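Down below is the structure, laid out as C-alpha cells.
The values are calculated or read from the model by the stated rules, or taken from the named source; none is laboratory data. All of these numbers come straight from a predicted model, not from anything done at the bench. Cβ atoms come from the backbone with ideal geometry, glycine included; neighbour counts cover every protein chain shown. Please note that ligands, DNA and RNA were not included when accessible areas were found on the heavy atoms of the full protein model with its side chains. Shrake-Rupley method; radii C 1.70, N 1.55, O 1.52, S 1.80 Å.
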Amino acid sequence: MAEAVRVRFAPSPTGLLHVGGLRTALYNYLFARRHGGAFLLRIEDTDRSRYVPGAVEMIVESLRWAGLDYDEGPGVGGPHGPYFQSERLDRYREAADRLIASGDAYPCFCTAERLDAMRREREKARQSTKYDRRCLGLGAAGIERRRASGEPHVVRMRIPDERSVVVEDLVRGTVEFSTDVLDDQVLLKSDGFPTYHLANVVDDHLMEVTHVIRGEEWLSSTPKHVLLYRFLGWAPPRFAHLPLLLGKDRSKLSKRQADVAVSDYRAQGYRPEALVNFVALLGWNPGYDRDVFSMDDLMREFSLERVGKSGAIFDLEKLRWLQASYLRSLPREVLREELKPLLEARGWTWPGDAWLDRVLDLMIERIAFVREVPEKAGWFFADPAEHDAETVAKRWKPESRGLLSRALAVLERSPFDAGSLESEVRGLAEREGVAVSDLVHPLRLACTGMGAGPGLFALMETLGREACVRRIRRALGTLP
Ligand code: GLU
C-alpha cells in the first residue's frame with residue numbers, strides 16, 4: 001500500500017459501546033496496525049437530540065479496556081483535530097456553501113408539517129415518499145428574500161436523476177445504486193448542525209482517512225457519500241462494509257438475545273483478550289482452522305480480504321469457550337489472588353496458597369471465570385449444607401447406605417492420597433461384588449453434596465481425611 005493508511009472509528013455518543021461497535025473499532029485498529037498506519041477516534045456528536053452525557057467517556061473507557069489505543073482523538077489530540085464534530089461546524093457550513101454555489105445543494109424552507117403532509121399524500125398515491133423538490137426552483141431572488149426574513153431552512157443535496165452510482169467495496173465487491181432511490185438528503189439542519197452524511201464526508205476528507213471500515217448498515221448511505229466526494233472534487237476513501245451481527249436465530253443481534261454492551265461483558269468477568277478474540281472472529285476468519293488469537297496474532301493476520309459478506313452469528317457458547325481458554329493460560333498465582341477476596345467475602349478460610357492452587361488445578365477445566373470456583377465448588381471450603389435432590393433420587397440406592405458405611409471404615413485408616421484412595425475403593429468394590437461407580441457416586445454425594453465435579457479421589461485428597469469422614473458420617477445420618 002503506497003499511501004499511509006489512516007482509518008477511524010466514528011461512534012455517535014448515544015450510549016454504551018456495543019459489541020458491534022467494538023468489532024468495527026477492532027477491525028479498524030487491526031487494519032491500521034497491520035499496515036503501520038494511524039487509527040483515529042472521532043466523535044460524531046452532531047445529533048444533539050440523541051446525545052447521552054457521559055457516553056464519550058464510556059466509549060473511550062471500553063476501547064481502552066479492550067486494548068484499542070487510538071493514535072489521534074479525544075484526550076490524545078493529533079494534527080487533524082478537533083475530533084468532536086460539534087467543534088467543527090464551520091467546516092461543514094463551508095462545504096455546504098460550496099455545494100450550493102456549484103448547484104449540487106439547495107436551501108429548503110419546507111416546514112416539518114408540509115413535509116409530513118407531502119409524505120402522507122404520496123404514500124396514499126403509492127408514490128415514493130422522497131422529497132418533492134418544491135424548494136429546488138426557488139431562484140436566487142426567492143432564496144434571498146426568505147433567508148432575509150429569517151425563515152428557518154435546511155440545505156439539501158441535489159441528487160442527480162437517473163444515474164447509477166458505483167461503490168467499490170473491499171468486502172462486497174462492486175455495488176451499484178440507482179440515484180432514483182436516493183432522497184435529496186438534508187446536509188445541514190436548520191440549527192446549523194450538519195447531518196451525519198455531510199459531516200462524515202467532510203471529516204474523512206479533512207482527516208485524510210484512506211479506508212472507511214464500518215458496519216453494513218451504512219452501505220445504503222455510501223452512494224450519497226460517493227456523490228458528495230464527487231461534487232466537492234475530492235478523492236473518496238476506499239470502503240469496506242462489515243457483515244451484520246446476528247443472534248442465534250439469525251435475526252439482527254439485539255438485547256433480547258444477548259448483552260450488547262461491552263461493559264456488560266466486562267462486569268461479568270470476561271477478559272478483554274477473550275472478548276476481543278471473539279469479536280475478531282465475527283466476520284473475519286484466518287482461512288484455516290484456528291480459534292484462539294492474541295491481539296498480536298490478530299495484528300499480524302487480519303486482512304479485509306478475509307472478511308465475509310454474510311451475517312456473523314453471535315455465539316455466546318463460543319465466547320465462554322474462549323474465555324475459559326484464556327483463563328487456563330493465566331498463571332495460577334494470578335487466579336489465586338483473584339480468588340482470595342471472593343472467598344473472604346463469603347467468610348471462607350483455607351489452609352494456604354499451595355492448597356488453593358490444588359483447588360484451582362482441579363477446577364480449571366470446569367470454569368470460565370474465577371468466580372465460578374466459589375459458585376460451583378463451595379464445598380471445597382465449607383461442608384455442603386444439603387445434598388442435591390436430583391442426585392439423591394438418581395444415585396442413592398437402597399444398598400448405598402451399607403456400601404458408604406463400609407467405605408467409611410476403609411477411609412478412616414487408609415492413607416489419604418488420591419492413588420491410595422482409588423485402590424482402596426476399587427478393592428472394596430471388588431470384595432463387595434459391585435461396580436466402582438456404586439461406591440463413587442455415594443462418596444461424591446456425601447463429600448460434595450453434588451452429582452458431578454472434579455475427579456473424586458483427587459478432591460478427597462484435597463479435602464483431607466477429617467472433612468471427608470465428617471461429611472460421610474453426616475450423609476449417613478441425613479440421607480434416607
Ligand atoms: N457515527 C456513525 C456511527 O455511529 C459512523 C458511521 C461511519 O463509520 O461512517 O456508527
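Residue count for the range 416-430, restricted to those that are open to solvent by 70 Å² or more (accessible area, probe 1.4 Å) and touching a helix residue (DSSP H, G or I) at 6+ places or on another chain (Cβ under 9 Å): 1. Quick check: is even one residue across the range 231-238 of a type in the set (D, E, K, R) and closer than 19 Å to Y196 by Cα? Yes, the range 231-238 contains at least one residue that is of a type in the set (D, E, K, R) and closer than 19 Å to Y196 by Cα.
Among residues of the range 21-43 that are in contact (Cβ under 8 Å) with a residue 40 or more places away in the chain, those with a beta-carbon under 8 Å from a residue that is within 13 Å of the ligand (Cβ to nearest atom) and of a type in the set (D, E, K, R) at least six positions away or on a different chain give the pairs T24/R214; N28/R8; L40/R8; L41/R8; R42/R8; R42/D203. Here I143 passes the criteria (1) surrounded by fewer than 19 Cβ atoms within 10 Å (Cβ to Cβ); (2) β-branched (V, I, T); (3) at pLDDT 95 or above except the one numbered (3). Quick one: in the range 129-152, which of the residues that are in a loop (DSSP other than H, G, I, E, B) and free of Cβ contacts under 8 Å to residues at least 12 places away in the same chain is farthest from Q185 (Cα to Cα)? Here the residue is S149.
Check the range 164-183 and report whether any residue there is in contact with a helix residue (DSSP H, G or I) (Cβ under 8 Å, 6 or more places away or on another chain), of a type outside the set (K, R) and over 30 Å from A312 (Cα atoms). Scanning the range 164-183, I find no residue that is in contact with a helix residue (DSSP H, G or I) (Cβ under 8 Å, 6 or more places away or on another chain), of a type outside the set (K, R) and over 30 Å from A312 (Cα atoms), so the answer is no.
Restricting attention to the range 55-98, the residues that are assigned to a loop (DSSP other than H, G, I, E, B) and either out of contact with any strand residue (DSSP E or B) (no Cβ under 7 Å at 6 or more places or on another chain) or of a type in the set (S, T, Y) (or both) add up to 11. Checked against (1) outside any helix (DSSP H, G or I); (2) under 40 Å from the mean Cα position of the chain (by Cα); (3) modelled with pLDDT under 95, E123 passes all but a single condition, namely (1).
Can we say V52 is within 24 Å of the chain's Cα centre (by Cα), in a helix (DSSP H, G or I), within 13 Å of the ligand (Cβ to nearest atom) and surrounded by fewer than 23 Cβ atoms within 10 Å (Cβ to Cβ)? No. Only one of L411, L456 is hydrophobic (A, V, I, L, M, F, W, C), surrounded by 18 or more Cβ atoms within 10 Å (Cβ to Cβ) and within 22 Å of A389 (Cα to Cα); which? Residue meeting the stated conditions: L456. Scan the range 451-480 for residues that are touching a helix residue (DSSP H, G or I) at 6+ places or on another chain (Cβ under 7 Å) and of a type in the set (D, E) and the total you get is 1. Scanning the range 177-194 for residues that are open to solvent by 20 Å² or more (accessible area, probe 1.4 Å) and either in a strand (DSSP E or B) or within 12 Å of the ligand (Cβ to nearest atom) (or both) returns F177, S178, V186.
For the range 1-44, residues that are of a type outside the set (V, I, T), part of a helix (DSSP H, G or I) and within 11 Å of the ligand (Cβ to nearest atom) total 4. Hey, M118 hits all of (1) open to solvent by less than 20 Å² (accessible area, probe 1.4 Å); (2) modelled with pLDDT of 95 or more; (3) away from the ligand (no atom under 14 Å from the Cβ); (4) not hydroxyl-bearing (S, T, Y) but one; which does it fall short on? Here M118 meets the rest and fails (2). Taken over the range 196-206, residues that are more than 10 Å from the ligand (Cβ to nearest atom) and either without any contact (Cβ under 8 Å) to a residue 12 or more places away in the chain or surrounded by fewer than 20 Cβ atoms within 10 Å (Cβ to Cβ) (or both) amount to 2.
Taken over the range 78-99, the criterion of being out of contact with any Pro (no Cβ under 8 Å at 6 or more places or on another chain) and aliphatic (A, V, I, L, M) is satisfied by A95, L99. Taking each residue of the range 325-344 that is more than 16 Å from L275 (Cβ to Cβ) and looking for partners that are of a type outside the set (A, V, I, L, M) with beta-carbon atoms closer than 7 Å, six or more apart or interchain, yields R332/D357; R336/D353; R336/D357; L342/R371; L342/P374; L343/W350; L343/P374; L343/F381.
For (1) acidic (D, E); (2) modelled with pLDDT under 95; (3) not in a strand (DSSP E or B), each residue gets a yes or a no:
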residue: V212; (1), (2), (3): no, no, no
residue: T222; (1), (2), (3): no, no, yes
residue: L228; (1), (2), (3): no, no, yes
residue: F231; (1), (2), (3): no, no, yes
residue: F239; (1), (2), (3): no, no, no
residue: D249; (1), (2), (3): yes, yes, yes
